[in-house]
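Accompanying notes for the structure given below.
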Amino acid sequence: MEFIQDYGLFLAKTLTLVFAGLVLFGTIMAVATRGRQRSREQLTVKRLNDRYRDMERTLKHAMTGGRAARKLLKQFKKENKTTEKNRNIEQTRVFVLRFHGDIRATHVDNLRQEVSAILTQARPGQDRVVICIESGGGLVAPYGLGAAQLARLREAGVELTVAVDKVAASGGYLMAAVADRIVAAPFAIVGSIGVVAQIPNVNRLLKRHDVDIEMHTAGQFKRTLTVLGENTPEGRQKFKRELDETHELFKGYLKRYRPTLDLEKLATGEHWYGEQALPLGLVDELATSDDLLMKLSKEADLYEIQYQKREPLSRRITLAVEGAVERLFSA
């Protein structure tokens, strides 16, 4: 037992030193590069119709040879000129977005810019947006903001479809539920309508080594649970109430956009695969994003919108440190 305690103290000290070293390194880099680096922003637009046409052309060219290949290339060029000439300006346009969510939903900062850009051009009732979401959820406030950004599209009268190939759970499903339609792959994970929080507490370890912790607050519940101090039954009860309140907000938001969901049955924190989710009303159609986009490309102009912001080196180091710490404590 004494060996285990000594090892635990050694591990705690080691983690503390590693974390302190990373923070110090990040601070030094921030000071060294301050004023010399700026964020670089770029909005890129790609026409997906051209990508699919090029794929078809390349494959057909490889399957034929000689005169047949040259004849086919000439035919493609002629068809392409005719398509460009006859393209109707009133044709439906589909704007394609991609959201990859981490715990802190850092991509929301890009998403808000992409949505704003689309709203400058989208024609209500005519154009559409498809967003491919891949996220297992994370912090409440950032994912709530992500859902609010997607709600801007619906409020502007732009039809919104969410495609889920792998996972849109918890906060990811909160965002997906805003859509007019959810398309999921057969084994995509959706649901997990619940709230979870875990906080380590090392107070007993500190007491065994005669380490005192003092914490002073103004307001009875300014701090409910703490990592270092001694937690109280009242603090635990308050913390649990806050989780329940957040869960009720989650369910209320889903009810607004998907009123047919049986939340008494579905808001248990469980997840379902696409095949299971379809009859439950969690998704509306089974298909991959590839099938969805290729089908749309035959009847509309598809434009993939991507906003990129390249952060200064100091900021990227800080984000890397934060990500490492998140993975350490969530493991």
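In the set (1) among the hydrophobic types (A, V, I, L, M, F, W, C); (2) at pLDDT 95 or above; (3) within 24 Å of Lys265 (Cβ to Cβ); (4) out of contact with any His (no Cβ under 6 Å at 6 or more places or on another chain), Ala163 fails one condition alone, (3). Per this entry, Gly144 is not counted among residues that are crowded, with 16+ Cβ neighbours inside 10 Å, in a loop (DSSP other than H, G, I, E, B) and touching a helix residue (DSSP H, G or I) at 6+ places or on another chain (Cβ under 9 Å). The condition of being more than 30 Å from Leu150 (Cα to Cα), hydrophobic (A, V, I, L, M, F, W, C), part of a helix (DSSP H, G or I) and more than 18 Å from the chain's Cα centre (by Cα) holds for only one of Leu249, Leu205, Leu225, Leu243, that being Leu205. Of all residues in segment 175-186, none satisfies being without any contact (Cβ under 8 Å) to a residue 60 or more places away in the chain, surrounded by fewer than 20 Cβ atoms within 10 Å (Cβ to Cβ) and within 22 Å of Leu243 (Cα to Cα). Taking segment 277-312, which residues are part of a helix (DSSP H, G or I) and surrounded by fewer than 16 Cβ atoms within 10 Å (Cβ to Cβ)? Pro279, Leu280, Asp290, Asp291, Met294, Lys295, listed by residue number. Across segment 150-176, the number of residues qualifying as among the aliphatic types (A, V, I, L, M), assigned to a strand (DSSP E or B) and under 21 Å from Pro124 (Cβ atoms) comes to 2. Of all residues in segment 187-207, those satisfying the criterion of being over 14 Å from His271 (Cα atoms), surrounded by 12 or more Cβ atoms within 10 Å (Cβ to Cβ) and in contact with a helix residue (DSSP H, G or I) (Cβ under 9 Å, 6 or more places away or on another chain) are Val202, Leu205.
The values are calculated or read from the model by the stated rules, or taken from the named source; none is laboratory data. Computed from a predicted structure; not experimentally measured. So basically every Cβ, Gly included, is an ideal-geometry build from the backbone, and we count neighbours across all protein chains shown.
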